[in-house]
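Q: To start, I am sharing the structure in question, which I have written as C-alpha cells.
The values are calculated or read from the model by the stated rules, or taken from the named source; none is laboratory data. Bear in mind the structure is a predicted one, so any value in this text is a computation, not a measurement. With ideal geometry, Cβ positions are generated from the backbone for all residues, glycine too; neighbour counts draw on all protein chains shown.
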Amino acid sequence: MKSKKTYLLAVIFVVLAVLAYYLTSDRGEKISTYKLEKQLFAVDSASVDKLELEQNGKKVTLEKAGINWRITQPVEYNAYAQFIASALSDLKKYKLESKVSDNPNNKERFGFNDTNFVKVTVYQGGKMVGTLLVGNASSGPSQSFIKKPESNEIFLANDLLRSNFAKDNMNDWRDKMICAITKGNVKALELMSSSDNYKIETDSTGRFRSGKDSVDSKVVEGVLNIFQNFNTQGFKDTTLSGNEKFDYTVKLKADKDYVFSFLKNGDGINPKYILKVSDIKQLFEVDENFIKMIFKSKKEMLGLK
C-alpha cells in the first residue's frame, strides 16, 4: 500500500514538473506569465523635438524647427511631414502585447540582425528619453517586434508599424515637393531645347496662345497640373560647375519667375537627368519619362499631328 502511494506521488510530481516546463519555457511568440509594462518608455509626441534613426549603418537625424521638421544629418533639408507624424503617433500610442522571447539566440528570428533592425532614439526638450529597436513586422495588423538595445527581451507591440521607421532609402525622409504653382497664376511658359524653342502666354481672356496661334487646352492643362504638385523623383547631393549646357529648359512666369533646367546624366532607354531649379540650392533627379510629361514640342502644344 505504501509503495502504491509513493508511486502515485511520483507520478503527480512528474506531471507537475512537465506542466511547469510548458508554462515557463519560451515556446512561441507569447509568454503569458510575464507582467508587461505598457511601453518601453513613455513619449509625449507634442514634446518630441528630435529623432535619430539608424538602419544598416546609415543614420538620419530629424529635428523640429518651429512647427516644421528638418533633416539635419546626413544633409540639411526639409523632412516629409506625413512620415514624421506617423512615426510620432506610433511612438505615443503603441502598447506591448506580449514578451515573445528572452533567448539571445532568437534575435535573428524576430528581425534583430545587423542589417534589418531600425534603431530609434527619441529626444524631448533636447534630452534623450529612450531608444528602442524595431525588428520584423508581425503577421498581425499594425504589429512589430521591438526591444531595448541592451536587453535580450523581445516584445510584440500593437499599433506600431515597422514601415513608419524603416525606409528602403534614407532619402525617403526628405520632402519631395519642389514647388506648388497654382494653375490660375501661370501667365507664361517658355520651353527650350536643341530642337524646340517657343513660348505660350495668356491673352486678355486668360487663354494660352503661342503668338497668334491658339494652343491645345488639354495639353496645356496636363503640363500645368504637374507644376501644381511638382515633386522630384530623387535627390543629387552634388554641385554643378556653372558652365553646363542644359538639354531642356522650362521658364514659367506666375507669382514669380521660375527656371527649371534639365541636364542629361545617364544612358539607356529611360536615362536620368539632373534638375536645377532657380533659387533652390538642392539638385534633384528625374528620368526622361518625367521630362516628356512636361516638355511638349510646339506641334504637340498646338494640337497638330
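Q: Inspect region 88-98 for any residue being assigned by TED's automatic domain parsing to the domain that holds residue 128, of a type in the set (Lys, Arg) and over 24 Å from residue 142 (Cα atoms) and give the result as yes or no.
A: no
Q: With 222, 242, 234 as the choices, which residue is exposed (fewer than 13 other Cβ atoms within 10 Å of the Cβ) and of a type outside the set (S, T, N, Q)?
A: 242 is the lone residue from the list that is exposed (fewer than 13 other Cβ atoms within 10 Å of the Cβ) and of a type outside the set (S, T, N, Q).
Q: Hey, residue 112 hits all of (1) part of a strand (DSSP E or B); (2) out of contact with any helix residue (DSSP H, G or I) (no Cβ under 8 Å at 6 or more places or on another chain); (3) of a type in the set (Phe, Trp, Tyr) but one; which does it fall short on?
A: Every listed condition holds for residue 112 apart from (1).
Q: Only residues that are hydrophobic (A, V, I, L, M, F, W, C) and buried (at least 18 other Cβ atoms within 10 Å of the Cβ): list them for region 122-158, please. Don't jump to the end; show me each part of the working.
A: So the first thing to find is which residues in region 122-158 are hydrophobic (A, V, I, L, M, F, W, C), and the list is 122, 128-129, 132-134, 137, 145-146, 154-157.
Matches in region 122-158: 122, 132, 133, 134, 145, 146, 154, 155, 156, 157.
Q: Here is a further query. Within region 100-137, restricting attention to residues that are among the hydroxyl-bearing types (Ser, Thr, Tyr) and modelled with pLDDT of 95 or more, which residue is farthest from residue 51 (Cα to Cα)?
A: If we filter region 100-137 for residues that are among the hydroxyl-bearing types (Ser, Thr, Tyr), which is where we start, we get 101, 115, 121, 123, 131.
Retained after the next criterion (residues that are modelled with pLDDT of 95 or more): 101, 121, 123, 131.
Values: 101: 27, 121: 6, 123: 6, 131: 10 Å.
Top of the filtered list is 101.
Q: Exactly one condition in (1) modelled with pLDDT under 95; (2) under 28 Å from residue 175 (Cα atoms) is not met by residue 248; state its number.
A: (1)
Q: Give just the number: which of (1) more than 27 Å from residue 304 (Cβ to Cβ); (2) modelled with pLDDT under 95; (3) not acidic (Asp, Glu) does residue 206 not satisfy?
A: Every listed condition holds for residue 206 apart from (1).
Q: How many residues, within region 274-299, are within 15 Å of residue 210 (Cβ to Cβ), surrounded by 17 or more Cβ atoms within 10 Å (Cβ to Cβ) and not basic (Lys, Arg)? Spell out the reasoning first.
A: Initial filter on region 274-299 (within 15 Å of residue 210 (Cβ to Cβ)): 295-299.
Okay, now just the ones that are also surrounded by 17 or more Cβ atoms within 10 Å (Cβ to Cβ), so 295-296, 298.
Cutting the leftovers down to not basic (Lys, Arg) gives us 295.
Number of matching residues: 1.
Q: Follow-up question, since we're still on this one. Kindly provide the set of residues from region 189-205 that are under 24 Å from residue 245 (Cβ atoms), assigned to a strand (DSSP E or B) and free of Cβ contacts under 8 Å to residues at least 60 places away in the same chain, ordered by number.
A: 192, 197, 199
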